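Peer 1: Take this structure, written in structure tokens, and hold onto it; I'll ask about it next.
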Amino acid sequence: MTARHVGQARSRVEGRLKVTGQARYAAEYDAPDLLHGCLVPSRIARGRIASIDAAAALAIAGVVRVFTHADRGDVARFDFRWRDMVAPPGSPFRPLQSHEIQFADQPVALVVAETWEAARDAAALVEVTYEQAAHRTDLHQEVDNAYRPPRKRFGVPRPPKPRGDVDKAFAAEPFKLRARYGLPPQHHNPMEMFATTCVWEGDGRLTLYDKTQGATNVRSYIAKVFGLKKKNVRVVSAYVGGAFGVGLRPQANAFCAVMASLALKRSVRVCLSRREMFTTGYRPDTLHTIGLSCDSQGRLRSVTHDGVAATSRHEDYQENLVNWSGLLYRSDSVRLDYRLAKLDTCTPCDMRAPGAASGVNALECAIDELAFAAGIDPLEFRRRNYAERDANDDKPFTSKSLEACYAAAADAFDWRRRGLAPRSMREGGELVGWGMASGAWDAMTMLSNARVILKADASLLVETAASDIGTGTYTILAQIAADALGLPMEAVTVRLGDTDLPWAPVEGGSWTAASSGTAVTRACDDIRATLLRHARRMTGSPLADAKLDDVVFDGGRIARRGEPARGVGLGEAMRTAQVERIEGKGRAWPPVLRMMKYASYAQSAVFAEVRVDEELGVVRVTRVVCATAAGRILNPKTARSQILGGIVMGIGMALHEETVTDHRLGRVVNHNFADYHVPANADVGDIEVIFVDEHDAKTSPIGVKGLGEIGIVGAAAAVANAIFHATGKRVRDFPITIDKLLNTAEVA
Ligand code: MOS
């Protein structure tokens with residue numbers, strides 16, 4: 001392969017469609033006689049519906065019907081049919097199927113009308129009375145009831161077995177720390193809100209335009225729940241306006257649109273409001289008790305990490321929260337524990353680097369605290385405890401370039417100039433602080449299929465059901481296919497997010513580049529072999545005896561390696577063979593053998609500078625430098641965007657983001673962008689993104705580790721550690737808001 005595009009910075013191939021409004025999102029598809037549905041939210045967090053009076057709603061002109069649990073349709077009875085591909089153990093929430101209230105703002109009715117305005121008006125008029133029961137929504141109150149999940153969630157490892165004598169190693173060392181860190185619930189808040197336009201095709205078939213990270217997941221869920229044949233349900237999610245994990249699972253809007261469509265035999269659209277986005281899943285609130293000890297040389301001797309995480313009453317949502325603490329640094333004594341506590345909320349949902357973003361945040365703050373206690377520079381401290389193996393699983397890494405990340409980022413940041421003591425750097429009226437942290441995220445490859453079609457006009461069509469949730473999948477697949485066949489990127493059309501296309505799993509876990517990228521590579525290999533066969537058979541072919549290894553595909557031609565004149569054009573070879581199109585199929589498999597022998601992670605080092613107004617407590621993140629090693633970087637431009645996004649979310653985690661529940665009511669009170677703060681431009685200073693060269697042939701067939709999540713891991717800790725360095729104040733309860741900073745005493 002001649003790499004003309006792979007590895008080069010390329011703009012998003014769908015960028016023009018997006019900025020000109022031509023890329024259509026789920027709520028933008030139209031259908032004849034389209035009906036509009038609006039949900040009615042529960043006013044209580046737990047209890048039951050006593051009565052629903054829809055008379056006033058039905059009196060509004062244009063209202064067609066009000067659905068409640070009273071007219072639950074012909075749907076599946078057993079939980080397994082309601083469980084989607086990424087569901088955790090438990091009983092998935094079933095919209096409008098019961099009078100029981102499981103969480104505040106749970107949908108209790110669906111109003112369907114000829115216009116969205118009529119549906120919204122009428123939804124406000126549905127009178128619901130409740131029998132209220134006591135609810136529990138405060139994780140801090142439930143810690144004593146926390147339990148180890150009896151059933152494991154697929155794909156999420158349990159904590160490793162304890163190793164060494166932790167208590168002895170803790171007691172014996174001169175420097176130690178035991179502290180509790182808290183992270184509040186956070187909501188994903190993608191720009192595009194959930195929406196489903198369910199088109200009634202008239203012959204028993206439905207087409208769902210749905211905002212999802214997994215068209216195939218939504219299709220199988222809808223088919224199972226409603227007892228439909230899969231071939232009669234098509235799900236399209238061609239463009240997705242951000243998701244961050246909340247789009248992994250099918251949402252109530254998809255269920256409700258299909259339910260109404262089947263009942264009314266018409267097309268129905270159901271969109272969620274920003275407020276309703278707060279009922280779809282969240283990063284669970286977590287509490288972390290961390291114990292660390294080190295000897296006088298700063299060698300880590302013991303690590304304990306007890307994590308308690310929120311889940312819903314009905315499902316045991318799980319993520320890898322604490323295992324990172326046994327993996328990131330070398331320590332002979334490690335004991336990790338992970339427990340859940342049930343709350344009366346909707347089920348939490350994976351959110352960018354689920355588990356790692358929270359667990360590594362706590363660990364990296366604790367490491368900073370211990371390094372300070374031992375009087376060692378925090379970067380030097382991490383270097384002294386560098387882990388050469390994955391001690392949790394006792395496996396070597398396929399590659400680990402964290403040291404190179406440390407070196408590159410520290411150099412770019414000018415870390416050498418940092419004064420060791422807190423409050424030692426000041427500029428004008430502001431305290432300046434420099435902090436750092438490390439990050440890691442799994443490198444995964446999942447079962448995925450792709451189809452590539454080459455036409456005689458030397459145009460290429462690349463197809464897979466995988467989505468592009470804004471991560472750059474369209475672009476990297478176009479780059480891979482263009483290079484594989486030696487064509488310009490303009491010759492390649494990529495089609496994604498459609499169940500009519502070859503099966504792929506949800507886009508998540510940062511696995512899509514490795515998985516779909518491999519599937520497309522293999523589909524192109526298929527085409528290359530076919531093309532060469534045609535070229536060899538041409539009369540007087542200069543390639544008559546050539547094998548695949550002897551030729552290069554470049555400039556629209558197949559030619560002998562090093563002899564560009566001795567070759568034939570792709571179109572010429574196809575026309576001579578009288579074929580109109582060549583279809584290639586490719587599949588990526590999870591690398592099971594590799595996974596048995598090796599651990600594989602993307603790694604990062606992130607450095608942050610803050611400036612703190614001592615009197616007002618205002619924190620500004622003025623500079624971040626992040627170096628990432630994630631195997632092969634397919635496109636430095638879209639890759640950089642992923643890291644930028646992760647760091648911005650990390651700044652939000654450090655300073656702003658918090659879903660606030662009024663526990664008296666059990667209801668989220670800041671379910672809008674005025675009250676739920678995500679970083680705005682003014683909150684984000686300079687961010688420098690560095691990619692460390694890493695060639696790793698073992699991690700995945702195309703050497704890619706994935707980048708969607710690693711950017712957020714460690715970012716908030718770097719900011720928190722910088723705040724400590726600036727102020728001498730350690731706030732362990734995130735986000736670090738002005739009030740907390742002003743009310744915390746200096747420890748140094
Ligand atoms: Mo990711 S949190 O698997 O979308």
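The values are calculated or read from the model by the stated rules, or taken from the named source; none is laboratory data. The model shown is predicted, which means the values in this text are computed figures rather than measured ones. Ideal geometry is used to build each Cβ from the backbone, glycine not excepted, and the neighbour counts take in all protein chains shown. Each accessible area value is taken on the protein alone, full model and side chains, heavy atoms only, with ligands, DNA and RNA left out. Shrake-Rupley method; radii C 1.70, N 1.55, O 1.52, S 1.80 Å.
Peer 1: If I ask for residues that are away from the ligand (no atom under 16 Å from the Cβ) and of a type outside the set (D, E, K, R), which ones from region 197-215 would you list?
Peer 2: Pass one, region 197-215, residues away from the ligand (no atom under 16 Å from the Cβ): 197-209.
Residues satisfying the conditions are Thr197, Cys198, Val199, Trp200, Gly202, Gly204, Leu206, Thr207, Leu208, Tyr209.
Peer 1: Restricting to region 682-727, name every residue that is assigned to a loop (DSSP other than H, G, I, E, B), touching a strand residue (DSSP E or B) at 6+ places or on another chain (Cβ under 6 Å) and surrounded by fewer than 24 Cβ atoms within 10 Å (Cβ to Cβ).
Peer 2: Val692, Glu694, Asp696, Gly703
Peer 1: Considering region 643-673 alone, what residues qualify as being under 21 Å from Lys740 (Cβ atoms) and in a loop (DSSP other than H, G, I, E, B)?
Peer 2: Of everything in region 643-673, those that are under 21 Å from Lys740 (Cβ atoms) and in a loop (DSSP other than H, G, I, E, B) turn out to be His656, Glu657, Glu658, Thr659, Val660, His663, Val669, Asn670.
Peer 1: To continue, here is another question. Of these, Ala715, Ala726, which one is modelled with pLDDT of 95 or more and more than 16 Å from the ligand (Cβ to nearest atom)?
Peer 2: Values: Ala715 fails: more than 16 Å from the ligand (Cβ to nearest atom).
The conditions single out Ala726.
Peer 1: Follow-up question, since we're still on this one. Open to solvent by 60 Å² or more (accessible area, probe 1.4 Å) and at pLDDT 95 or above: is that true of Leu665 in this structure?
Peer 2: Working: open to solvent by 60 Å² or more (accessible area, probe 1.4 Å): yes; at pLDDT 95 or above: yes.
Taking the combined requirement at face value, the residue satisfies it.
Peer 1: Another question, then. Is it the case that Met259 is of a type in the set (A, V, I, L, M, F, W, C), part of a helix (DSSP H, G or I) and more than 15 Å from the ligand (Cβ to nearest atom)? If you could, list the steps in order and put the result at the bottom.
Peer 2: Working: of a type in the set (A, V, I, L, M, F, W, C): yes; part of a helix (DSSP H, G or I): yes; more than 15 Å from the ligand (Cβ to nearest atom): yes.
Judged against the criteria, Met259 is a match.
Here's the yes/no breakdown for (1) surrounded by 23 or more Cβ atoms within 10 Å (Cβ to Cβ); (2) out of contact with any Leu (no Cβ under 9 Å at 6 or more places or on another chain); (3) of a type in the set (A, V, I, L, M); (4) in a strand (DSSP E or B):
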| site | (1), (2), (3), (4) |
| --- | --- |
| Glu507 | yes, no, no, no |
| Ser510 | yes, no, no, no |
| Gly517 | yes, no, no, no |
| Ala523 | yes, yes, yes, no |
| Leu532 | no, no, yes, no |
| Thr539 | no, yes, no, no |
| Ala544 | no, yes, yes, no |
| Val552 | no, yes, yes, yes |
| Ala559 | yes, no, yes, yes |
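Peer 1: Shifting gears a bit: For region 244-257, state whether one or more residues are over 24 Å from the mean Cα position of the chain (by Cα) and crowded, with 23+ Cβ neighbours inside 10 Å.
Peer 2: Taking region 244-257 as the starting set, the residues that turn out to be over 24 Å from the mean Cα position of the chain (by Cα) are 256-257.
With the extra rule that they be crowded, with 23+ Cβ neighbours inside 10 Å, the set shrinks to 256-257.
Yes - at least one qualifying residue is present in region 244-257.
Peer 1: Scan region 216-236 and tell me whether some residue there is part of a loop (DSSP other than H, G, I, E, B), within 16 Å of the ligand (Cβ to nearest atom) and either over 27 Å from Glu709 (Cβ atoms) or open to solvent by less than 10 Å² (accessible area, probe 1.4 Å) (or both). Reasoning before the result, please.
Peer 2: Kept after step one, since they are part of a loop (DSSP other than H, G, I, E, B), are these residues of region 216-236: 227-229.
Checking which are within 16 Å of the ligand (Cβ to nearest atom) leaves us with none.
Within region 216-236, none of the residues are part of a loop (DSSP other than H, G, I, E, B), within 16 Å of the ligand (Cβ to nearest atom) and either over 27 Å from Glu709 (Cβ atoms) or open to solvent by less than 10 Å² (accessible area, probe 1.4 Å) (or both).
Peer 1: Just need a number here: residues in region 481-505 that are more than 16 Å from the ligand (Cβ to nearest atom) and either open to solvent by less than 10 Å² (accessible area, probe 1.4 Å) or part of a loop (DSSP other than H, G, I, E, B) (or both).
Peer 2: Within region 481-505, the subset more than 16 Å from the ligand (Cβ to nearest atom) is 481-495, 498-503.
Add one more test, that the residue is either open to solvent by less than 10 Å² (accessible area, probe 1.4 Å) or part of a loop (DSSP other than H, G, I, E, B) (or both), and what stays is 481-488, 498-503.
Counting residues in region 481-505 that are more than 16 Å from the ligand (Cβ to nearest atom) and either open to solvent by less than 10 Å² (accessible area, probe 1.4 Å) or part of a loop (DSSP other than H, G, I, E, B) (or both) gives 14.
Peer 1: With respect to the numbered conditions (1) more than 20 Å from Thr473 (Cα to Cα); (2) buried (at least 23 other Cβ atoms within 10 Å of the Cβ); (3) in contact with a helix residue (DSSP H, G or I) (Cβ under 7 Å, 6 or more places away or on another chain), which one is the sole condition not fulfilled by Arg205?
Peer 2: (2)
Peer 1: Please verify whether Gly470 is of a type outside the set (Phe, Trp, Tyr) and assigned to a strand (DSSP E or B), treating the condition exactly as stated.
Peer 2: Details: of a type outside the set (Phe, Trp, Tyr): yes; assigned to a strand (DSSP E or B): no.
No.
Peer 1: So, in region 309-328, exactly how many residues are open to solvent by 10 Å² or more (accessible area, probe 1.4 Å) and out of contact with any Pro (no Cβ under 9 Å at 6 or more places or on another chain)?
Peer 2: Adding up the residues that qualify gives 2.
Peer 1: Looking at region 732-739, can you tell me whether even one residue there is farther than 21 Å from Ala357 by Cα, open to solvent by 50 Å² or more (accessible area, probe 1.4 Å) and away from the ligand (no atom under 16 Å from the Cβ)? Quick ask: steps written out before the conclusion?
Peer 2: Going residue by residue through region 732-739, those that are farther than 21 Å from Ala357 by Cα are 738-739.
Then keep just the ones that are open to solvent by 50 Å² or more (accessible area, probe 1.4 Å); that gives 738-739.
Now restrict to residues that are away from the ligand (no atom under 16 Å from the Cβ): 738-739.
There is at least one residue in region 732-739 that is farther than 21 Å from Ala357 by Cα, open to solvent by 50 Å² or more (accessible area, probe 1.4 Å) and away from the ligand (no atom under 16 Å from the Cβ).
Peer 1: Quick one: is Ser331 more than 16 Å from the ligand (Cβ to nearest atom), polar (S, T, N, Q) and surrounded by 23 or more Cβ atoms within 10 Å (Cβ to Cβ)? Step through it out loud before you land on a result.
Peer 2: Working: more than 16 Å from the ligand (Cβ to nearest atom): yes; polar (S, T, N, Q): yes; surrounded by 23 or more Cβ atoms within 10 Å (Cβ to Cβ): yes.
Yes.
Peer 1: So, in region 510-564, exactly how many residues are within 16 Å of the ligand (Cβ to nearest atom) and touching a strand residue (DSSP E or B) at 6+ places or on another chain (Cβ under 7 Å)? Step through it out loud before you land on a result.
Peer 2: From region 510-564, those within 16 Å of the ligand (Cβ to nearest atom) are 510-516; that's our starting set.
Restricting the remaining residues to those that are touching a strand residue (DSSP E or B) at 6+ places or on another chain (Cβ under 7 Å) gives 510, 513-516.
Looking only at that region, the number is 5.
Peer 1: Now a separate question. Write out, first by first residue and then by second, each pair whose Cβ atoms fall under 7 Å of each other, whose residues are 6+ apart or on separate chains, and whose first residue, in region 134-148, is in contact (Cβ under 8 Å) with a residue 40 or more places away in the chain and buried (at least 17 other Cβ atoms within 10 Å of the Cβ) while the second is among the β-branched types (Val, Ile, Thr) and in a loop (DSSP other than H, G, I, E, B).
Peer 2: From region 134-148, the pairs are Thr137/Thr345.
Peer 1: Looking at region 273-286 only, could you name the residues that are surrounded by fewer than 24 Cβ atoms within 10 Å (Cβ to Cβ) and under 22 Å from Lys224 (Cβ atoms)?
Peer 2: Within region 273-286, just Thr280 meets the criteria.
Peer 1: Which condition from (1) within 16 Å of the ligand (Cβ to nearest atom); (2) touching a Phe, Trp or Tyr at 6+ places or on another chain (Cβ under 7 Å) is the one that Trp324 breaks?
Peer 2: Unmet condition: (2).
Peer 1: Here's a follow-up. Looking only at helices (runs of 4 or more DSSP H) that fall completely inside region 1-92, which ones have 2 or more residues that are open to solvent by 80 Å² or more (accessible area, probe 1.4 Å)? Walk me through it before giving the result.
Peer 2: Values: elements: 15-19, 55-58, 79-82.
The helices (runs of 4 or more DSSP H) meeting that bar are 15-19, 79-82.
Peer 1: A further question on this structure: Inspect all residues belonging to region 293-301 and state whether any of them is within 28 Å of Ala409 (Cβ to Cβ), within 16 Å of the ligand (Cβ to nearest atom), open to solvent by 20 Å² or more (accessible area, probe 1.4 Å) and out of contact with any His (no Cβ under 9 Å at 6 or more places or on another chain).
Peer 2: No, region 293-301 has no match at all.
Peer 1: Out of the residues in region 352-389 meeting the condition of being among the polar types (S, T, N, Q) and out of contact with any His (no Cβ under 8 Å at 6 or more places or on another chain), tell me which one is nearest to the ligand (Cβ to nearest atom). Walk me through how you get there before you give the answer.
Peer 2: Step one: list which residues in region 352-389 are among the polar types (S, T, N, Q), which gives 358, 361, 385.
Cutting the leftovers down to out of contact with any His (no Cβ under 8 Å at 6 or more places or on another chain) gives us 361, 385.
Numbers: Asn361: 15, Asn385: 28 Å.
For region 352-389, the residue satisfying everything is Asn361.
Peer 1: Taking into account only those residues within region 437-470 that are more than 30 Å from Ala605 (Cβ to Cβ) and acidic (Asp, Glu), which is surrounded by the most Cβ atoms within 10 Å (Cβ to Cβ)?
Peer 2: Glu463
Peer 1: Another one. Can you give me the number of residues within region 456-483 that are more than 21 Å from Arg640 (Cβ to Cβ) and among the aliphatic types (A, V, I, L, M)?
Peer 2: 8
Peer 1: Let me ask another. Working carefully through the options Leu593, Leu616, Leu634, find the one that is out of contact with any Phe, Trp or Tyr (no Cβ under 9 Å at 6 or more places or on another chain), free of Cβ contacts under 8 Å to residues at least 12 places away in the same chain and not in a strand (DSSP E or B).
Peer 2: Numbers: Leu616 fails: free of Cβ contacts under 8 Å to residues at least 12 places away in the same chain; Leu634 fails: free of Cβ contacts under 8 Å to residues at least 12 places away in the same chain.
Only one candidate qualifies: Leu593.
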